[in-house]
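Here the structure is laid out as structure tokens; the discussion comes afterwards.
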Amino acid sequence: MYPIKRNRRLRTNEAIRSLVRETIISPNDFLVPLFVVEGKGIKEEIASMPNYYRYSLDLLQAEVKELWKLGLKSVLLFVKVPDNLKDNKGTEAINPDGLMQRAIKTVKNACPDMLVMTDVALDPYSVYGHDGIIEDGKVINDESVDVLTEMSLSHAEAGADFLAPSDMMDGRILSIREALEDEGYTDTGIMSYSAKYASAFYGPFRDALDSAPVDALDIPKDKKTYQMDYANRFEALRETEMDIDEGADIVMVKPGLCYLDIVREIKNEVDVPVAVYQVSGEYSMLKAAAEKGWLDHDAVMMEQITAIKRAGADIIASYFAKDVVKLIS
Ligand code: PBG
């Protein structure tokens, strides 16, 4: 009771503040998303994601070596697929010599101890920009799960350590887990995008991979029949618990900042590591505001990352990973 208790005593100076600080950010917190393209010598900036790039495989090697030197030991791979290889069924996704499969090997060659996670969803491979197969104007579940399972096996075969299904089809975790066990990939993990919301914050990512749902007759214009309604909370718990029962090693909430209530709720309920994806739109918002001089980039970045961890994130997938680690080192 005041004045016996004066809370400001613990805030007097940086020494005492750092002594009682509850949340500390380190390189171990991060999973670094990487965008890969075909070609040679390519490092192209993504228009809506300033200072974030797509790499061809040769330059990807240098990038992962740099990440490793900074103490960043896990990457999450995404590929930009040439238009002529896109179809409805994601056939290219299971090509053993596809860009993703080569990217996995490239990272492992450059940096054998780097943990490689791969995005599992059909959107970069889909002519329609959807995470599953379209039939009669709908994204069909079970046939999509079959392809996603094949895709997962193909990534495991290429050397991926963890698969990260981001598609939100029902039953895909069980199907992938069983297939991995059957084929002897018993050590390959699954990080499930469990509570993935249908969010407008994914816009810049879809620019990066040219993977937005196409605007055409009889094609769903958004992903709301599989990604979650952002108005819902209990549904996130249900999705997450089911994914754990089906064999997910790590679960994820996505996006980050607007969903920290969900992160805390899930963290309190489950006993597996919880990942949070601070998505492209969150990155771009801060970059744009900082470019205009309206926000202090580094200060806001640290505040956001710390808030995500404080909310309960054990792992943070973030486009700021490198910026943060450089700043704190
Ligand atoms: C693919 C996928 C998306 C993201 C990660 N995996 C886009 C989407 O679902 O439309 C978004 C990541 C980001 O915005 O940074 N299914």
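The values are calculated or read from the model by the stated rules, or taken from the named source; none is laboratory data. Predicted model, so just to flag it, every value in this text is computed and none were measured. FYI the Cβ positions are ideal-geometry reconstructions off the backbone, even for glycines, and counts take in every protein chain you see.
Exactly one residue out of VAL263, VAL276, VAL324 is part of a helix (DSSP H, G or I) and within 24 Å of TRP68 (Cα to Cα), and it is VAL324.
Scanning the stretch 229-246 for residues that are closer than 22 Å to GLY189 by Cβ and not hydrophobic (A, V, I, L, M, F, W, C) gives GLU239, THR240, GLU241, ASP243, ASP245, GLU246. Close contacts from the stretch 251-268, counting a first residue that is free of Cβ contacts under 8 Å to residues at least 12 places away in the same chain and a second that is not in a helix (DSSP H, G or I), with Cβ to Cβ under 8 Å and a gap of 6+ residues or different chains, come to none at all. Out of ALA195, ALA200, ALA208, one residue alone is within 16 Å of the ligand (Cβ to nearest atom), in contact with a Phe, Trp or Tyr (Cβ under 7 Å, 6 or more places away or on another chain), in contact (Cβ under 8 Å) with a residue 24 or more places away in the chain and not β-branched (Val, Ile, Thr). It is ALA208. Looking at LEU85, LEU153, LEU115, just one residue is at pLDDT 95 or above, more than 15 Å from the ligand (Cβ to nearest atom) and over 20 Å from the mean Cα position of the chain (by Cα), and that residue is LEU85.
Listed here are the residues, each with its yes/no results for (1) on the phi > 0 side of the Ramachandran plot; (2) under 19 Å from the mean Cα position of the chain (by Cα); (3) of a type in the set (Ser, Thr, Tyr).
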site	(1), (2), (3)
GLU143	no, no, no
GLY159	yes, yes, no
LEU174	no, no, no
GLU178	no, no, no
PHE201	no, yes, no
PHE205	no, yes, no
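Considering the stretch 237-254, the residues that are farther than 14 Å from PRO33 by Cα and not in a helix (DSSP H, G or I) include one that is farthest from the chain's Cα centre (by Cα), namely GLY247.
Is there a residue in the stretch 237-245 that is within 13 Å of the ligand (Cβ to nearest atom), out of contact with any Ser or Thr (no Cβ under 9 Å at 6 or more places or on another chain) and modelled with pLDDT of 95 or more? No: zero hits. Residue check: is LEU59 part of a strand (DSSP E or B) and either within 12 Å of the ligand (Cβ to nearest atom) or at pLDDT 95 or above (or both)? The answer is no for LEU59.
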